[in-house]
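Working notes, structure below.
The values are calculated or read from the model by the stated rules, or taken from the named source; none is laboratory data. Since the model is a prediction, treat every value here as computed from it, not as a measurement. For neighbour counting, all protein chains shown are included, and Cβ atoms are generated from backbone atoms with ideal geometry for every residue, glycine included. Just the protein is used for accessible areas: all its heavy atoms, side chains included, with ligands, DNA and RNA removed. Shrake-Rupley method; radii C 1.70, N 1.55, O 1.52, S 1.80 Å.
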Amino acid sequence: MNSNWMTIGRIDDIPLRGARCVKTPQGKVAVFRTAENEVFAIEDRCPHKGGPLSQGIVHGKAVTCPLHNWVISLESGRALGADEGSVATLPLRNTDGELSILLERRLEAAE
Amino acid sequence: MIVPSSLARDAGIAVNRGIVVDDGMMTSDPNVFSLGECAEHRGICYGLVAPLYEAARVLADRLIGGTSEYHGSVVNTKLKVTGINLFSAGDFAEAPDREEIVLRDASAGIYKRLVLKDNRIIGAVLYGETADGSWFFDLMKRGIDISQMRDTLIFGQSYQGGSPLDPMAAVAALPDDAEICGCNGVCKGKITTTITGKGLTSLDDVRAHTKASASCGSCTGLVEQLMALTLGDAYNPAAVTPMCTCTELGHDDVRRLIKAKGLKTIPAVMQELEWKTSCGCAKCRPALNYYLVCDWPDEYADDYQSRYINERVHANIQKDGTYSVVPRMWGGVTNAAELRAIADVVDKFEIPMVKVTGGQRIDLLGVEKEDLPAVWADLGKAGFISGQAYAKGLRTVKTCVGSDWCRFGTQDSTGFGIRVEKFMWGSWTPAKLKLAVSGCPRNCAEATCKDIGVICVDSGFEIHFAGAAGLDIKGTDVLGLVKTEDEALEHIVALTQMYREQGRYLERIYKWAKRIGHDEIRRQIMGDPEKRRAYYDRFVFSQTFAQVDPWSERVSGKDKHEFKPMATISYNQAAE
């Protein structure tokens, strides 16, 4: 097995239409909770200039980057509208409110 | 660097002010041609690019055996310097056979001068308002007899009688390589081909795809004209610009309806006003949140998730994701204890940069988000509260040392500035609000480019408003002169409340004032004591809910989740 489900906390830890950060060996991950109580995990790095997406305003299933207002889809990780680029999305599991994300096991992590 | 004229001279080619060329761009040596800045044609050296293109066209034709002739260029210059609109073309020296038409409106900052000879325009200078530059230039180049429209000529193209002139003509006449958007370097051709190529129909689309008018917005009018030209009847600019793509309603309508329908939450606004999206977007949500905070100060619960990150975490996000922290320094006055506390915080948290701001504050840059509450706790112990350098709200009141120290000071400008700041801090406004108080007309606090400024004089306080020193540079206008500090405070506060109630989100006071009319503002604030008092009272009421220091709230645990990661996964955990 070369990947792990890691428990990160409960859905209630994230405000509605908000996000929290998870620090991982592979960089920061932003975990979002939409108005409809859906949860998404994506890399916390805007494809434009690396802005922290977890700090943006969440609307629908998208977030607006706080640095230059790119709008990123939480489902696909792709930039919406006319901008082009995408961030990695991570598998996220919601088991009765307990959230876990799937991290790939890297060589250096296995040492 | 090679100096072309000396190169030519060394080669035995005739050089006067520049390399002398004939109408075929040929130098005195039939095997050598010259054009551009180094060439002199009929006694003229051109320093602009347009004549170069015209000369190059002639030369190209000559090189393939043609017989084109260059007869010189009529040149025009449009300066694009922030805050200065200047157009000049042709010849405007005085001479006995020439006439002038001059229009001068000093208070509006407009000056137009046309030089005529034989009923034809031979020179034009426009300052302040240059929209007709290309029209005058066209009349000049084509040598049109203007005697029929002489009486109205100076007023520009849209004031000419006869068959209605196409207001788009000037834009239509621009070449494809004419730069429309200076911020993002977008030319006309790029905009028109993108509109047709991608089938764009709205200004927002054009902004998104070409970036034209997407930065400072000063070219929006031109871009809209290009859209109208390119799309013809298919382009139907709505009379009201919608707030965003979530609604057809403009800011003013939304504000009116919030009041009229008594809407008191964001979901209620979206439901009642039939928003097209389920929970808005990053443009409308912060605007709605402000309108609700402003209109229902006692009832509305601020929606933090609809605030831009800076207003959510009470610091300014930087390009690398760290934050900057600016403690409030009333009127820009500090002391040894405060400075020591700041120095200790800088050492303790290893803050990489300390910078003095234009608003007389100290900015601590590069603070990690997780450190913010601890930084605030330490600053709070020294008596600091948030300087709200991030707020669409009252930022700073800049002061000079006034009558306390200055040999020219007429009033206690420092004390009054501090009083205003203590009265108004914490208030949210449509856009940032910066004030200044100068103790005499020498104006060391630079009050005449602020949103609201005060110039102290012997006879009292001259209140100024609607200045700008950012994307636009604009001196303030005088609201009026009052005798006492108390009166000055009441007028400033009333003006601020009027702006709070009428301004569109992100609209600075000078833009709002231009829209409403400076006279109307003077009429209500200076001329109508009842109205002024009512504005003042509403501001004071709203302040009872607004003056809570956000830093100390957060030091006591509010929004704790904002400042900590949800989880930290270590290498070992990930590897298990």
Exclusive hit being in contact with a strand residue (DSSP E or B) (Cβ under 7 Å, 6 or more places away or on another chain), closer than 30 Å to B:Arg538 by Cα, part of a helix (DSSP H, G or I) and outside the structural domain of B:Arg508 (by TED's automatic domain parsing), set B:Val269, B:Val293, B:Val223: B:Val293
All positions within the range B:540-576 that are in contact (Cβ under 8 Å) with a residue 12 or more places away in the chain, buried (at least 18 other Cβ atoms within 10 Å of the Cβ) and either within 14 Å of another protein chain (Cβ to nearest Cβ) or over 16 Å from B:Thr496 (Cα atoms) (or both): B:Asp549, B:Pro550, B:Trp551, B:Arg554, B:Val555, B:Glu562, B:Pro565
Some residue of the range B:518-539 being out of contact with any helix residue (DSSP H, G or I) (no Cβ under 8 Å at 6 or more places or on another chain), within 28 Å of B:Val326 (Cα to Cα) and open to solvent by 50 Å² or more (accessible area, probe 1.4 Å): no
Counted residues, the range A:39-50 - those being at the interface with another protein chain (Cβ under 10 Å from one of its Cβ atoms) and within 21 Å of B:Thr568 (Cβ to Cβ): 3
Among (1) assigned to a strand (DSSP E or B); (2) facing another protein chain (nearest Cβ under 8 Å) - the single one A:Gly81 does not satisfy: (1)
Single condition A:Met6 does not satisfy, out of (1) more than 23 Å from B:Asn310 (Cβ to Cβ); (2) more than 8 Å from chain B (Cβ to nearest Cβ): (2)
Single residue of the range A:23-38 satisfying the filter (of a type in the set (Val, Ile, Thr) and assigned to a strand (DSSP E or B)) that is nearest to the other protein chains (Cβ to nearest Cβ): A:Thr24
Count of the range B:263-281 residues which are of a type in the set (Gly, Ala, Ser) and at pLDDT below 95: 1
Restricting the range B:254-280 to residues that are out of contact with any Ser or Thr (no Cβ under 9 Å at 6 or more places or on another chain) and surrounded by 21 or more Cβ atoms within 10 Å (Cβ to Cβ), the residue that is nearest to the other protein chains (Cβ to nearest Cβ): B:Val269
Verdict on B:Val74 being of a type in the set (Val, Ile, Thr), assigned to a loop (DSSP other than H, G, I, E, B) and surrounded by 12 or more Cβ atoms within 10 Å (Cβ to Cβ): yes
In the range B:308-333, the residues that are closer than 12 Å to B:Ile362 by Cα, buried (at least 17 other Cβ atoms within 10 Å of the Cβ) and not charged (D, E, K, R): B:Ser324, B:Val325, B:Val326, B:Pro327, B:Met329, B:Trp330, B:Gly332
Residue satisfying all of: in the range A:59-69; modelled with pLDDT of 95 or more and more than 7 Å from every other protein chain (Cβ to nearest Cβ); most open to solvent (accessible area, probe 1.4 Å) among these: A:Lys61
Yes/no for A:Gly56 being touching a residue at least 12 places away in the same chain (Cβ under 8 Å), closer than 17 Å to B:Val313 by Cβ, within 8 Å of chain B (Cβ to nearest Cβ) and among the small types (Gly, Ala, Ser): yes
Residue list for the range A:86-101, restricted to those being loosely packed, with under 13 Cβ neighbours inside 10 Å and more than 14 Å from chain B (Cβ to nearest Cβ): A:Pro91, A:Thr95, A:Asp96
Total residues in the range B:23-37, condition outside any strand (DSSP E or B) and either open to solvent by 70 Å² or more (accessible area, probe 1.4 Å) or among the basic types (Lys, Arg) (or both): 4
Residue in the range B:208-220 that is least open to solvent (accessible area, probe 1.4 Å), counting only those that are within 14 Å of another protein chain (Cβ to nearest Cβ), in a helix (DSSP H, G or I) and not small (Gly, Ala, Ser): B:Thr210
Selection from the range B:493-509 of residues that are surrounded by 20 or more Cβ atoms within 10 Å (Cβ to Cβ) and in a helix (DSSP H, G or I): B:Val493, B:Ala494, B:Leu495, B:Thr496, B:Gln497, B:Met498, B:Tyr499, B:Arg500, B:Ile509
The lone exception for B:Thr196 - which of (1) open to solvent by less than 70 Å² (accessible area, probe 1.4 Å); (2) modelled with pLDDT of 85 or more it fails: (1)
Residue satisfying condition, being among the β-branched types (Val, Ile, Thr) and more than 30 Å from B:Pro297 (Cβ to Cβ), within set B:Ile452, B:Ile463, B:Ile473, B:Ile418: B:Ile473
Some residue of the range B:299-307 being buried (at least 20 other Cβ atoms within 10 Å of the Cβ), aromatic (Phe, Trp, Tyr) and assigned to a helix (DSSP H, G or I): no
